[in-house]
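What follows is a set of notes on a single structure, which appears directly below.
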Amino acid sequence: MPTAGGETDTVAPTQQADPAESDSDGDTDSDTDAEDSDEDGDGDDERGSEDLLVREGDIAGDYLERLLDLVDYDGDIDLDVEAGRAVVSIDGGDDLEKLVGPRGNVLEALQELTRLAVQQETGTRSRLMLDIAGWRADRRQELRDLGRATAERVLAGGDERVRLQPMTPFERKVVHDAVATFDGVHSESEGEDPRRRVVVFRQT
């Protein structure tokens, strides 16, 4: 909906689709804390970190398998390590969309519960990413398209500034990354969760 001063509120697509996105105040939007890294670490440290991530995946897989048994849902659990975090995906079941919920709300809650279960076993805070029925992957592509389209709209001169619908940290990160591929536009996050949103505007 257009507002005064060339600013537009834009609603993100109704179907919803994790590291650091920068706000103007230097805060970091992320579905996790920024990853601590030691660039000077040796190979043993890297192997130790990899082993921990594999263990996180195993713990998460066992936890989620028990959950599926409890609710009597079918699903294949796949474990991987990507970009310095354990990644767990559940696919193949007819009822899995119920574990995603509206706008991914149930999925986000299950991810946090799974991270807590992992942390209880390892004593280390987990950055594990959970996807169910491919929802997060689909949402990521949808948000990339939204970010690019918004950047192109701002560059074309239709609006000086476009404010998007409130999003989760995961969603804001994807939009920020998409906008960052364009010269002449910039994006920031404003507001407080759960109403925090991305704003895209022309650079002066």
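Of the options L130, M167, A180, report the single residue whose Cα projects farthest towards the positive end of the charge dipole of the stretch 88-204 (beta-carbon charges: Lys, Arg +1; Asp, Glu -1).
Most positive-ward Cα: A180.
Over what distance in Å are the Cα centres of the stretch 141-177 and the stretch 98-138 separated?
A separation of 25 Å, based on Cα centres.
What is the gain in length, in nm to one decimal, between D76 and K98 on full extension, counting 0.36 nm per residue of separation less the C-alpha to C-alpha distance? Write down the numbers at each step before the final one.
Working: separation 22, 0.36 × 22 = 7.92 nm, distance 1.54 nm.
Full-extension gain reported as 6.4 nm.
Calculate, in nm to one decimal, what A180 and D138 gain on full extension: separation in residues at 0.36 nm each, minus their alpha carbon distance.
Values: separation 42, 0.36 × 42 = 15.12 nm, distance 2.02 nm.
Here the answer is 13.1 nm.
Expressed as a whole percentage, what fraction of the accessible surface of the stretch 76-148 belongs to carbon and sulfur atoms when a 1.4 Å probe is rolled over the protein heavy atoms?
Details: 1590 of 3610 Å².
With neighbouring chains kept in place, the figure for the stretch 76-148 is 44 percent.
Residues of the stretch 114-188: accessible area per residue at 1.4 Å, in Å²? Before the final figure, lay out each step's value.
Working: 3180 Å² over 75 residues.
On a per-residue basis, the stretch 114-188 sits at 42 Å².
So, with a 1.4 angstrom probe, what is the percent of accessible area on the stretch 152-204 that is carbon and sulfur?
44
The values are calculated or read from the model by the stated rules, or taken from the named source; none is laboratory data. Since the structure is predicted, the reported quantities are computational estimates derived from the model, not experimental observations. Counting neighbours? That spans all protein chains shown, and the Cβs are built from the backbone with ideal geometry, glycine included. All accessible areas refer to the heavy atoms of the entire protein, side chains included, with ligands and DNA or RNA removed. Shrake-Rupley method; radii C 1.70, N 1.55, O 1.52, S 1.80 Å.
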